[in-house]
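**Student:** Can you read through this structure? Questions will come right after.
The values are calculated or read from the model by the stated rules, or taken from the named source; none is laboratory data. These numbers come from a predicted model, not from an experiment. No Cβ is skipped: glycine too gets one built from the backbone with ideal geometry, and neighbour counts run over all protein chains shown. Surface areas here come from the heavy atoms of the whole protein model, side chains and all, with no ligands, DNA or RNA. Shrake-Rupley method; radii C 1.70, N 1.55, O 1.52, S 1.80 Å.
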Amino acid sequence: MSLKADYILVTHAHQDHILDVEAIAMNTGAIIVSNYEIAIYYQARGLKAHPMNHGGNWTFDFGNLKYVNAIHTSSFPDGSNGGQPGGFVIEGEHKNIYIVGDTALTMDMKLIPLQTKLDLAILPIGDNFTMGVDDAIIASDFIECDKVLGMHYDTFGPIEIDSEAAKKKFFDAEKDLMLLEIGGAIEL
Ligand code: NI
């Protein structure tokens with residue numbers, strides 16, 4: 001599969017989030033955007049990276065990007081310091097997307113809609129390491145976005161979920177939970 005990428009947004013340094021970062025960055029020349037520690041880690045490996053930190057905005061050619069709080073951890077697989085984990089709010093030309101990253105439900109999420117009217121939120125729903133479905137529904141209220149793409153579920157034992165039950169819970173809360181197959185795509 002040949003991926004095309006201009007930017008790679010890295011929320012934190014855990015293995016299940018960064019395993020292909022170097023390969024994709026090398027094959028595409030994409031710029032890695034992440035927190036300071038992660039950006040520096042990749043710059044030291046000769047890759048292009050743009051460091052940010054919590055609360056910071058930067059305008060890229062695709063729009064404005066803000067790195068925001070997440071409650072999680074962020075060590076690299078080799079134990080080196082991956083800084084503090086975060087999420088990204090993308091304000092594009094036509095659509096706004098919140099990549100929440102691996103996180104618990106946080107009160108800070110209520111800050112997002114004060115500045116950005118979201119079209120899509122990418123929320124973890126697998127529980128155990130992040131929030132689960134019930135907290136994701138509350139998060140969807142906090143961020144005032146009913147259109148949710150689920151992530152961080154089913155890929156290994158402790159985060160396996162009942163997808164149909166999850167979709168029904170969102171549906172009953174008058175929200176839309178989308179779940180992508182591997183290799184799948186959605187259009188906004
Ligand atoms: Ni993680």
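**Student:** Got a number for the accessible area of residue 32? Probe 1.4 Å, square angstrom, nearest 10.
**Tutor:** The accessible area of residue 32 comes to roughly 0 Å².
**Student:** From the phi angles alone, apply the Karplus equation (6.51, -1.76, 1.60; θ = phi - 60°) to the range 27-36 and give each ³J(HN,Hα) in whole Hz, x where the residue is Gly or Pro.
**Tutor:** Karplus values, whole Hz, x for Gly and Pro: 6, 10, x, 5, 8, 7, 10, 6, 5, 4.
**Student:** Whole number in Å², please: accessible area per residue of the range 54-178, 1.4 Å probe, ligands, DNA and RNA not counted. Numbers along the way, then the final one.
**Tutor:** Values: 6290 Å² over 125 residues.
It amounts to 50 Å² per residue over the range 54-178.
**Student:** Hand me the GluC sites (Glu not before Pro) from the range 22-96 located in a DSSP loop with no more than 16 other Cβ atoms within 10 Å, in residue order please. All intermediate terms of the calculation are to be shown ahead of the outcome.
**Tutor:** Details: sites: 22, 37, 91, 93; in loops: 93.
In loop regions of the range 22-96 (DSSP not H, G, I, E or B), the sparsely surrounded GluC sites (Glu not before Pro) are 93.
**Student:** Still on this model: What part of the accessible area of the chain, given as a whole %, is carbon or sulfur when the probe is 1.4 angstrom?
**Tutor:** Working: 5230 of 10210 Å².
That fraction is 51 percent.
**Student:** Separate question: Around residue 105, which amide H atoms from residues at least 5 apart in sequence, or from another chain, sit under 5 Å from its own amide H, with H modelled in the peptide plane?
**Tutor:** 131
**Student:** How much FRET efficiency would the formula 1/(1 + (r/R0)^6) give for residue 27 and residue 173, where r is the Cβ-Cβ distance and R0 is 41 Å, rounded to 0.05? Let's see the in-between values first.
**Tutor:** On the way: r = 40 Å, r/R0 = 0.99.
E(calc), rounded to 0.05, equals 0.50.
**Student:** Pairs on different chains or at least eight residues apart, Cα atoms closer than 24 Å: how many lysine pairs in the range 1-159 fit?
**Tutor:** Taking the range 1-159 as the scope, the lysine pair count is 13.
**Student:** Suppose only helical runs count, i.e. DSSP H with n ≥ 4. What mean residue ellipticity at 222 nm does that imply for the chain under -39500 (n - 2.57) per run, divided by all residues and rounded to the nearest 500 deg cm²/dmol?
**Tutor:** Numbers: 6 runs with 44 residues, N = 188.
My calculation for the chain gives -6000 deg cm²/dmol from helical runs alone.
**Student:** Provide the FRET efficiency to the nearest 0.05 for the residue 43-residue 138 pair, computing r from the beta carbons and using R0 = 41 Å.
**Tutor:** The value I calculate is 0.65.
**Student:** Enter the angle in degrees (range 0 to 90, nearest 10) between the Cα long axis of helix 163-172 and the first principal axis of the Cα atoms of the chain, meaning the one along which they spread out most.
**Tutor:** Roughly 60 degrees, rounded to the nearest 10.
**Student:** For the range 54-178, state what percent of all Cα-Cα pairs lands in each successive 10 Å bin, counting from 0 Å until the bin that includes the largest distance.
**Tutor:** The percentages, shortest bin first, are 13, 43, 33, 10, 0.
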